[in-house]
Each structure stands twice: as structure tokens, then as C-alpha cells.
Amino acid sequence: VQLQASGGGLVQAGGSLRLSCAASGRIRGIKFMGWYRQPPDKQRDLVASITAGGHTNYADSVQGRFMISRDIRSNTVYLQMNNLKAEDTGVYYCRFNQGTATYWGQGTQVTVSS
């Protein structure tokens, strides 16, 4: 299974971006899809997630500004990011859990200028 993330870029504070992460390969029973953020010189933390049942979870810092969604047919997860702030800057990674395996995308850079 491979994950391909895209959609990052440079945006001014208050702007929006939409990240995508598409899975390919032998895909069966994805249980969890998530987006993580790693700011410069900091740890990677969960930003948003969605389970197979559609339950979503968000970090407090992005609640009300970010929205995670998925397309089951194409095995793609999206992260709509609105009202971006400078502190949202970082490399965003997608993660899928399938069975007992965990897969990570390659990361996409998001830079928010203030």
C-alpha cells in the first residue's frame, strides 16, 4: 500500500488549502485515516482523523477551521483547511491503518505567512 499526499503550499494567514491523500495497492478494510502535522523542530501530532464508521476527531487548535472527509471508492482522504494561521505551518502527513498495519504518506509542506 502506498499513500500519495498533495495539496500543500504557501498561503497567507486567513487563506485556505485542501490536502488530499490517495491510497493505492492492496487495500482492504481501512479502519482509520488521519492527518498529522509536524512543525519545524517539533513532534508530529494528530490534526484530524476519521474512522471506518465515519467518526471524526480534531485537535483543539483546528476545531471549527479544518474538516476531514473521505471518498471510500477512491480510498482518498481530504483535509479542508480554512482560516489558516501561522501556527498551522508544518509538514502534513497522512496515515492509514489497515488491519494491523500502518501506512504513512510522504508529507506535504504547508506554510502560512502572517
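The values are calculated or read from the model by the stated rules, or taken from the named source; none is laboratory data. Just so we're clear, the structure is a prediction, and the values are computed from it rather than from any experiment. Cβ placement follows ideal geometry from the backbone for every residue including glycine, while neighbour counts extend to all protein chains displayed. Keep in mind that these areas ignore ligands, DNA and RNA; they rest on the heavy atoms of the full protein, side chains included. Shrake-Rupley method; radii C 1.70, N 1.55, O 1.52, S 1.80 Å.
Points worth noting:
- Calculated from backbone phi, Karplus (6.51, -1.76, 1.60) coupling profile of segment 12-23 in Hz, x at Gly/Pro: 7, 4, x, x, 10, 9, 10, 8, 10, 9, 10, 9
- Whole-number accessible area per residue in Å² for the chain, which is evaluated in the context of all protein chains at 1.4 Å: 54
- Remark: segment 88-98, residue by residue, has Karplus-estimated 3J(HN,Hα) of 7, 4, x, 8, 9, 10, 9, 9, 10, 10, 9 Hz, where x stands for each Gly or Pro and the curve is 6.51 cos²θ - 1.76 cosθ + 1.60 at θ = phi - 60°.
- If only the Cβ of Lys and Arg carry +1 and only the Cβ of Asp and Glu carry -1, the dipole of the chain around its Cα centre is close to 400 debye.
- Hydrodynamic radius of the chain per Kirkwood, over alpha carbon pairs, in Å: 14.0
- Counting protein heavy atoms only, the chain has 46 percent of its accessible area on carbon and sulfur, 1.4 angstrom probe.
- Backbone geometry of segment 43-51 corresponds, through the Karplus equation with coefficients 6.51, -1.76 and 1.60 at θ = phi - 60°, to 3J(HN,Hα) couplings of 7, 8, 10, 5, 9, 7, 8, 9, 9 Hz, x marking Gly and Pro.
- Sorted peptide list for 97-104, 75-82, criterion being average Cβ within 10 angstrom, highest first: 75-82, 97-104
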